[in-house]
1. Only four residue types carry charge here, +1 at the Cβ of Lys and Arg and -1 at the Cβ of Asp and Glu. Report the dipole size of the chain about the Cα centre in Debye, rounded to the nearest 20.
2. At a 10 angstrom cut-off on C-beta neighbours, averaged per residue, how do the peptides 145-157, 243-255 rank from highest to lowest?
3. Starting at the first residue of region 337-350, write each ³J(HN,Hα) from the Karplus equation 6.51 cos²θ - 1.76 cosθ + 1.60 with θ = phi - 60°, in whole Hz, x for Gly and Pro.
4. Just want the answer: with Cβ charges of +1 for Lys and Arg and -1 for Asp and Glu, which residue in A74, G437, I375 is farthest toward the dipole's positive end in the chain?
5. Go through region 1-91 and name the GluC sites (Glu not before Pro) that are in a DSSP coil and have 13 or fewer other Cβ atoms within 10 Å of their Cβ.
6. Could you pull out the chymotrypsin sites (Phe, Trp or Tyr not before Pro) across region 217-306 that fall in loop regions by DSSP (anything but H, G, I, E, B) with no more than 13 other Cβ atoms inside 10 Å?
7. Amide H neighbours of A194 under 5 Å, at least 5 residues apart or on other chains, H built in the peptide plane: list them.
8. Roughly how big is region 36-195's charge dipole about its Cα centre, with Cβ charges of +1 (Lys, Arg) and -1 (Asp, Glu), in debye to the nearest 20?
Amino acid sequence: MENGHEIHTIGAMIAKSAARFGDAEAIVFPDQRLTYRALDSAARRWARALIALGVEPGQHVGLLMPTCVEFIEAFCGIAMAGAVAVPINARYQASELAYLACDADLVVLITAGKLTDSLDFCERVTAALPSLAGQTASAGLNLPEAPLLRTIISLDEVCSASMLPLSAALARADGVDDAVLDARIAGVDPTDTAMILYTSGTTSSPKGAMISHRGQVGNSRNLGRRYECTSADKVWSPLPIFHIAGILPMIMILDLGGVYMTVPHFDAGLALDMLGREGATIAYPSFVTIMQDLITHPTFAQTDLSRLRVMNSNFAVQPAWIKEAVKAAMPHTIQVGTYGLTEAAGTVSTSRLSDSYETRTERCGTPLDEWEMRIVDPETGQDCATCERGEIVLRGPNMLKGYYNAPGKTAEALRDGWFYTGDIGSIDAGGNVMFHGRTKDMLKVGGENVAAAEIEAML
């Protein structure tokens, strides 16, 4: 229980929202709309299909596709089946895919097909797994490159013989009773792993952060409480849902019965049209390139953003001119700052809506409920003073369970119940967090910890 409210597993949360909100809209794309009832029905069909394919609780199912309705339906279905979703960066090339398919112990991979002449996911999968040649989906795969991978499902109906077309995969659902699925949903514990998210490795291979159902639903719920969200809210996010930055707001609003609005890929004109037409109340542009493209687009000035009450703009890490342009264009919108990371199920700290404009736009907010944060000297491990820079360390029930298949990296990051983030931060007298960079890029200047990027900016 959390503040008197049960924290559901992701599958149970979708079922609960469907029972409560029924025909209310849950998901909106520019050309597709899905009600809560329809989302629940589609997720259940995916779950039954996966069960029919032999997926057992705790086994891993990969998702390789851009943001789309099928991604969301399958993601929720994986959770209902008690399996573990492994969203895969849609930009991964063959070598990265080959590494992940093996390291993550995938038993099923669900992939998009050919989207454009230059973007063919099935072709990329075939390049990553050369042993697919000559194999057939009906016989079950046998791949030295990914020993546990037995089935690849393609969203394209016309695909390689080694892959199962979407319609054929979903047809398997008819052989599994609803009672079997209901038992699966009930058998998932909130502490079970819901997803494994691979974080980018700049000097080493990506690491798979294991996030529990409790971690994702709990952290998303705490974020919704901070932003005072209700079922009346419409959350717009252009961020890919293979990333925690896209998953977090989606789970947040689906738990509350509001609307999650997103796009397959970011296009400023399409985004502004959607924001205005649909009446978004909360927006997640978050990153400088997205913010810049929005406010410099020719239709920005004419877009009706009057219903936009909160924007996760993160001005503390944005150029000043963007901050001033947005302030002038939408003075009614509360701009908030945020600090978060994959291993923390998304947001760790964000602004309170009652904070002053200066605090909201110059800091990354205060920690959400259930998070403890310290700033420590990376050399001594001692706590830093107020406003002093050091490594951000975190503790709370929503942090990662560990890195999959990487006990050494887990032991390095999780020590005495605290997660050592590798980020440089500070906390001011008001409890507000500031992010300064990564510890690997930190230099000692006059006895003070300073990020190399800050020195470069001054030169």
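Every number here is computed from the coordinates shown, using simple stated rules; none is lab data. Remember, it's a predicted structure, so these values are computed and weren't measured experimentally. Counting neighbours? That spans all protein chains shown, and the Cβs are built from the backbone with ideal geometry, glycine included.
1. Working: 36 positive and 53 negative charges, 83 e Å.
With Lys and Arg at +1 and Asp and Glu at -1, about 400 debye.
2. Details: 145-157: 20.5, 243-255: 25.2.
By packing density, highest mean first, the sequence is 243-255, 145-157.
3. Computed from phi, the couplings for region 337-350 are x, 8, 10, x, 6, 4, 5, 9, 6, x, 5, 9, 9, 7 Hz.
4. Positive-most Cα among the choices belongs to A74.
5. Working: sites: E2, E6, E25, E70, E73; in loops: E6.
Here the GluC sites (Glu not before Pro) that fit, given the DSSP loop and packing criteria, are E6.
6. Numbers: sites: Y227, W236, F242, Y260, F266, F287, F300; in loops: Y227, F242, F266, F287, F300.
Within region 217-306, no chymotrypsin sites (Phe, Trp or Tyr not before Pro) qualify (loop, at most 13 other Cβ atoms within 10 Å).
7. I211, S212, H213
8. On the way: 10 positive and 19 negative charges, 25 e Å.
My answer is approximately 120 debye.
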